[in-house]
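Remarks on the structure that follows.
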Amino acid sequence: MITGGGLFAAVPATALADDKVLRVLAWPGYADDDVVKTFEARFNVKVEVTLADSDEALWALMHSKDAPPFDVLAANTAEIERYTRAGLLAPLDLASLPNTRRQLPRFQARTSIEGLTSAGKVYAIPFTYSSMGLIYDRRQIAVAPHSMRELWNPKYRGKVLDFNSAQHNFSFTALALGYPHPFQLDAAQFHAVAQKLVDLRRNLLTYYTVPEEATAVFIQHKVALMFGNYGTQQVELLRRAGADVGYVIPDEGALAWLDCWSMTSAATDRPLALAWINYMLDPGVNALLTQRQGLANTLSAPADKSDNARILWIGPVEDIQRREDTWARIVSGDRSERF
């Protein structure tokens with residue numbers, strides 16, 4: 001917690017309005033309790049935070065009929081583009097987001113980032129990002145791995161962790177196979193990737209969803225190698241838990257995600273939703289991503305820029321439903337000859 005006049009210095013106590021609620025859909029670590037409490041006190045509002053553990057879960061929650069609709073959400077640029085096309089997001093009034101002027105120039109150049117704009121309107125504001133590289137146990141792997149193909153190395157059988165997500169698994173496996181367009185696979189490439197993912201399943205200990213789960217399994221079962229979907233956030237958690245891990249961007253490159261805040265078209269109090277997005281860009285809040293989660297923020301340049309040339313921002317895929325249906329069969333144990 002920041003003290004001495006920082007973001008979380010004493011805030012005058014105010015009673016929360018019973019009828020004023022902001023519903024937030026986000027990822028773990030994006031809306032910590034103290035961050036939320038400060039916003040609640042400042043705007044005299046109750047904030048309800050719902051956490052997602054995959055892109056698929058995020059999409060399902062946005063379409064759930066069991067709860068009131070969300071007002072704001074955090075999602076990667078590929079998903080933002082999908083949500084915008086589906087009419088689920090509202091354009092943003094940049095005049096109500098003065099903290100965007102604090103962002104690095106690359107993130108203020110919104111038209112240069114695929115997914116942020118549509119028909120001349122801005123639908124998302126960059127918040128945090130990370131590569132999705134390989135995390136390895138230095139005690140078991142003395143020399144840093146150079147390729148994603150190491151996940152398939154039989155000497156690590158039963159000591160590999162993978163993230164449970166259709167889209168990212170198909171894409172990073174396509175990279176490992178040398179396909180130049182991992183988000184747009186043709187029929188033959190799709191078949192080859194599906195076969196390769198069945199082979200990967202046979203080499204795994206298990207799949208994980210959230211970073212905390214991956215940390216616990218990694219340490220308890222002495223995992224050797226992991227696909228780091230949450231990237232540097234997972235590295236930070238593992239090191240704080242006492243693991244001696246390394247992190248690498250493979251030679252063939254790594255996927256990377258850029259998560260953004262957006263306002264939904266169902267937002268009932270749009271000024272309040274915009275206030276939340278602006279608040280998330282407060283220097284004190286943004287810095288917490290790095291301090292607590294080990295994630296890059298959009299206000300300050302990262303210390304290490306050496307791997308930028310091998311980073312591939314995730315993009316829309318050729319057929320989301322086909323990937324998800326095939327992935328469900330792979331995870332359930334379907335045999336490769338059935339694909």
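Our coupling estimate for the range 254-268, obtained by passing each phi through the Karplus curve with A = 6.51, B = -1.76, C = 1.60 and θ = phi - 60°, is 9, 5, 9, 10, 10, 8, 10, 9, 9, 9, 7, 5, 8, 4, 8 Hz, Gly and Pro reported as x. Computed about its Cα centre, the charge dipole of the range 210-262 is approximately 200 debye, with only Lys, Arg, Asp and Glu carrying charge at their Cβ.
Under 5 Å between amide hydrogens, built in the peptide plane, is the criterion, and for Ala90 it picks out Met263, Thr264, Ser265 among residues at least 5 positions away or on other chains. Counting only Cα atoms, the range 35-82 measures 33, 25, 17 Å along its principal axes, largest extent leading. Each Lys and Arg contributes +1 and each Asp and Glu -1, all at the Cβ; summed about the Cα centre of the chain, the dipole is approximately 580 debye.
Two decimals, Cα atoms only, Kirkwood Rh: what is Rg/Rh over the range 190-339? My calculation puts Rg/Rh at 1.01. When only alpha carbons of the chain are considered, Rg and Dmax amount to 20.3, 64 Å.
Across the range 200-209, rounded Karplus estimates of 3J(HN,Hα) from the backbone phi angles (6.51 cos²θ - 1.76 cosθ + 1.60, θ = phi - 60°) give 5, 3, 6, 9, 8, 6, 5, 9, 10, 10 Hz, Gly and Pro being marked x.
Estimate the FRET efficiency between Arg335 and Ala60 by the formula 1/(1 + (r/R0)^6), using the beta-carbon distance for r and 30 Å for R0, to the nearest 0.05. Before the final figure, lay out each step's value.
Values: r = 28 Å, r/R0 = 0.92.
Between Arg335 and Ala60 the formula returns 0.60.
Across the range 68-162 the C-alpha pair distances fall into 5 Å bins from zero in the proportions 2, 10, 18, 16, 10, 8, 9, 11, 10, 5, 1, 0 percent. Using bins of 5 Å that start at zero, the share of Cα-Cα pairs per bin across the range 220-281 amounts to 4, 12, 18, 14, 10, 11, 11, 11, 8, 2, in whole %.
With the highest mean first, a sort of the peptides 124-131, 269-276 on other beta-carbon atoms found within 10 angstrom per residue produces 124-131, 269-276. A helix-only calculation puts the chain at -10000 deg cm²/dmol for mean residue ellipticity at 222 nm, using -39500 (n - 2.57) for each DSSP H run of at least four residues, averaged over all residues.
Can you spot the lysines whose alpha carbon is less than 27 Å from Lys20's alpha carbon? Ignore those fewer than 8 places along the same chain. Correct list for Lys20: Lys37, Lys46, Lys65. Note on the range 140-252: dipole from Cβ charges, positive end direction compared against Ser147, Leu161, Pro211; the farthest Cα belongs to Leu161.
Please state, as a whole number in µm²/s, the translational diffusion coefficient that the Stokes-Einstein equation yields for the range 146-239 at 25 °C and 0.890 mPa s, with Rh defined as the Kirkwood radius across alpha carbon pairs. Before the final figure, lay out the partial values.
Numbers: Rh = 13.7 Å.
Taking Rh from Cα pairs, D becomes 179 µm²/s.
Placing +1 on the Cβ of every Lys and Arg and -1 on the Cβ of every Asp and Glu, with nothing else charged, gives the range 50-121 a dipole about its Cα centre of roughly 440 debye. Backbone geometry of the range 177-190 corresponds, through the Karplus equation with coefficients 6.51, -1.76 and 1.60 at θ = phi - 60°, to 3J(HN,Hα) couplings of 7, x, 6, x, 10, x, 9, 10, 8, 7, 4, 5, 5, 4 Hz, x marking Gly and Pro. Diffusion coefficient (Stokes-Einstein, Kirkwood radius over C-alpha pairs, 4 °C, 1.567 mPa s) for the range 106-188: 81 µm²/s, rounded to a whole number. Within the same chain, aspartates and glutamates fewer than 8 places from Lys159 are excluded, and of the rest, those with a Cα less than 19 Å from its Cα are Asp137, Glu150, Asp199, Glu212, Glu213, Asp244. A convex hull fitted around the alpha carbon atoms of the range 78-121 yields 79 Å³ per residue.
Projecting the Cα atoms of Thr326, Tyr83, Val35 onto the dipole axis of the chain, where Lys and Arg carry +1 and Asp and Glu carry -1 at the beta carbon, places Thr326 farthest toward the positive end.
Here, each number is a calculation from the coordinates, and none is a lab measurement. What you see is a predicted model, and the numbers here were worked out from it, not measured in a lab. Positions of Cβ are generated from backbone atoms using ideal geometry, with glycine treated the same way; all protein chains shown enter the neighbour counts.
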